[in-house]
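J.: Dropping the structure in here first, questions after.
Bear in mind that the values in this text are calculations on the coordinates, not laboratory data. Please read all numbers here as calculations on a predicted model, not as lab measurements. With ideal geometry, Cβ positions are generated from the backbone for all residues, glycine too; neighbour counts draw on all protein chains shown.
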Amino acid sequence: MQVERLGDTRQQVRQDACELLLSMFNSMGPQYVLQKMARFWTHRAWKVRHGVLQTVAEAIAAETPGILKSKDQNEYIITQVVNLMEDPNE
């Protein structure tokens, strides 16, 4: 997957990666794409983590079919977002 491209130094590359992932959400389904993206929620590069969050937010905003259809999927996304917002120094 092109998820690591979300951390590229060039804005256009990051945007292209986001658009590719959004099209994958539509064609392959959110469940599959979220499973493949799972390890990137905790990626060492903050830009990649930010890009994952941005891509999921754009998928939700675009009302991608199936993105918020199951309770488990909703809980998973919310848990990942909360984990990103927690301060690891506390």
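J.: Within 10 Å of each residue's Cβ, count the other Cβ atoms and sort Val52, Val3, Val81 from fewest upward.
T.: On the way: Val52 25, Val3 22, Val81 13.
Sorted ascending by nearby Cβ count, the order is Val81, Val3, Val52.
J.: How much mean residue ellipticity at 222 nm does the chain get from its helices, if each DSSP H run of length 4 or more adds -39500 (n - 2.57) and you divide by all residues, to the nearest 500 deg cm²/dmol? Could the numbers behind the result be given before it?
T.: Values: 4 runs with 57 residues, N = 90.
-20500 deg cm²/dmol, from helical runs alone.
J.: Pulled fully out, how much extra length does the chain show between Arg44 and Met85, if you take 0.36 nm times their separation in residues and subtract their Cα-Cα distance? Before the final figure, lay out the partial values.
T.: Details: separation 41, 0.36 × 41 = 14.76 nm, distance 1.49 nm.
Taking Arg44 through Met85 to full extension adds about 13.3 nm, to one decimal.
J.: Please compute the net charge surrounding Gly51, taking Lys and Arg as +1 and Asp and Glu as -1 over other residues with Cβ under 15 Å from its Cβ.
T.: On the way: positive: Arg5, Arg10, Arg14, Lys36, Arg39, Arg44, Lys47, Arg49; negative: Glu4, Asp8, Asp16, Glu19, Glu58.
Spelling it out: positives minus negatives among the neighbours equals +3.
J.: Subtract the Cα-Cα distance of Ala61 and Asp16 from 0.36 nm times their separation in residues, and report this length gain in nm to one decimal.
T.: 14.4 nm
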